[in-house]
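Novice: For reference, the structure I am asking about is given below.
Computed from the coordinates by the stated procedures, all read-outs in this text should not be read as laboratory data. In this text the structure is predicted, and so the values were computed from the model without any measurement. Note that we place each Cβ from the backbone using ideal geometry, even for glycine, and neighbour counts take in every protein chain shown.
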Amino acid sequence: MAFNCYFTTLAFLLCFLAPSFAALVQEQPLVLKYHNGILLKGNITVNLIWYGQFTPIQRSIIVDFINSLNSKGAPLPSTSSWWKTTEKYRGGSSSLSVGHQILHEEYTLGKILKSQHLIALASKTHFAVSSINVVLTAKDVVVDGFCMSKCGTHGSTNSGSGRGTYIWVGNSDLQCPGQCAWPFHQPIYGPQTPPLIAPNGDVGVDGMVINLATLFANTVTNPFNSGYFQGPPTAPLEAVSACTGQFGPGSYPGYPGQVLVDKVTGASFNAYGVNGRKYMLPAMWDPQSSACKTLV
C-alpha cells in the first residue's frame, strides 16, 4: 500500500513565499520525469463512497464535476478541455465515469478517522486497475493529518479485493477552509487578499472540487508511484501538485490569477461543466511545454 498527500504544509507555505524568492523558484525548469510505470488510461470507473452527511445538492456538484471531465457539451473553457491535458502524458486518454455510489451517513467508523479507516472505506467496492475508489468525508469528520499536512490523498493498494487506486478528499468547511478551500476563503498564511465567491455557492464543496481535480490528475498520471513525478516517490510533485496556487494567468503567491466572473452572482470560475455548472480548476503541468497550464 502506498499513498501520496496533496497540499502538504510545505506546499501550502510555498504558495505564499515572498515574491522575490518565488521568482527564483519559478526560474528553475519544471520537469516531471516518467518512471516507466503503469498509467491509468482508457475507460476508468469512479466509485464514490460518501462518509457522513452530504446534501443531495452537494453530491450533485461533485457528480456533475466528474461527468464534466469527458463531456463535450459544455462551452469553452470547459472542464473537459482542462482534463484533455492528461492525454499529453503517455498512453492516450483517460475517460472517467461515475460507477457505484455508497452512502455511509451513520458514521459507522466514528467521526475521527485514520489512514486505515480510509482504506477500509475505499474497499467497500471492488478494487480494479480500471477504477478509482473515492472516499469523501463530510465537514464534521476529522481525518488524521487533515488540515495539518493534507487536504486529501491518493494511493494504491494490492489487497484481497484486488489491485487498484483510491482517493480521499475531505470537506474543510468547518475545519480549515483557509487552507483547503482557498481561494474561496481567506488564506491561513501569507497575503490576505479578499476571497473569491464560490461558483456553486458552497465554499467547502467547491474546495473539494479543486482538491478532487488535483487528485484525479495526479492519480491517472502516477497511480502506483512509478508514473510522472518529480522528487522522491514518497513525497512527489505530480501533475497538478507541481502547480500549486495557480488558477489563471498572472497568478502569484496569494493571488490565484485572472479568472472568469459570473455577471449575475459575482462568483469566480475558470471552467464550464455539464448542467450549467461552473468550476474552479487548478493549473496542470503540460508535458509538451514543460510548464503549468491554466484554462484561461
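Novice: By average Cβ neighbour count within 10 Å, what is the ranking of 69-80, 216-227 from highest down?
Specialist: 216-227, 69-80
Novice: How much length would be gained if the chain were fully extended between THR193 and LYS114, taking 0.36 nm per residue of separation minus their Cα-Cα distance, in nm to one decimal?
Specialist: Taking THR193 through LYS114 to full extension adds about 25.1 nm, to one decimal.
Novice: Starting at the first residue of the stretch 169-174, write each ³J(HN,Hα) from the Karplus equation 6.51 cos²θ - 1.76 cosθ + 1.60 with θ = phi - 60°, in whole Hz, x for Gly and Pro.
Specialist: Each residue of the stretch 169-174 in turn: 9, x, 7, 8, 3, 9 Hz.
Novice: Which net charge results for the neighbourhood of GLY207, defined as the other residues with beta-carbon distances under 12 angstrom from its beta-carbon, given Lys and Arg at +1 and Asp and Glu at -1?
Specialist: -2
Novice: What residues qualify as long-range amide H neighbours of TYR252, i.e. H under 5 Å apart, gap of 5 or more or another chain, H built at 1.01 Å from N?
Specialist: It is GLY257, by chain and number.
Novice: For LEU174 and VAL296 in the same chain, what is the full-extension length gain: residue separation times 0.36 nm, less their Cα-Cα distance, in nm?
Specialist: So the chain would gain 40.9 nm between LEU174 and VAL296.
Novice: Please tell me the relative contact order of the chain in percent, rounded to the nearest whole number, where contacts are Cα pairs under 8 Å and at least six residues apart. Show your work: numbers first, answer last.
Specialist: Working: 680 pairs, mean separation 75.4, N = 296.
Answer for the chain is 25 percent.
Novice: Grab the DSSP H runs of the chain that are 4 residues or longer, score each as -39,500 (n - 2.57), total them, divide by all residues and round the 222 nm result to the nearest 500 deg cm²/dmol.
Specialist: The helix contribution divided over the chain gives -6500 deg cm²/dmol.
Novice: Run the numbers for LEU30 and LEU103: contour at 0.36 nm per residue of separation, minus the present Cα-Cα distance, in nm.
Specialist: That pair, LEU30 and LEU103, stretches by 22.3 nm at full extension.
Novice: Please identify the helices of the chain, taking whole runs of DSSP H, that span at least 20 Å along their own axis as judged from the Cα atoms and have a mean Kyte-Doolittle score of -0.5 or higher.
Specialist: 203-221
Novice: Calculate the dipole size of the chain relative to its Cα centre from +1 charges on Lys and Arg beta carbons and -1 charges on Asp and Glu beta carbons; express the result in debye to the nearest 20. Could you put the intermediate results ahead of the total?
Specialist: Values: 17 positive and 13 negative charges, 111 e Å.
Charge dipole of the chain: 540 debye, to the nearest 20.
Novice: Provide, in order from the shortest bin, the percent of all Cα-Cα pairs of the chain in each 10 Å bin, continuing until the bin that contains the maximum pair distance.
Specialist: Computed distribution, short to long bins: 7, 31, 39, 21, 3, 0.
Novice: Let me ask something else about it. Compare the Cα positions of TRP50, VAL142, ALA128 along the charge dipole of the stretch 39-293 (+1 at Cβ of Lys, Arg; -1 at Cβ of Asp, Glu; about the Cα centre) and return the one farthest towards the positive end.
Specialist: ALA128
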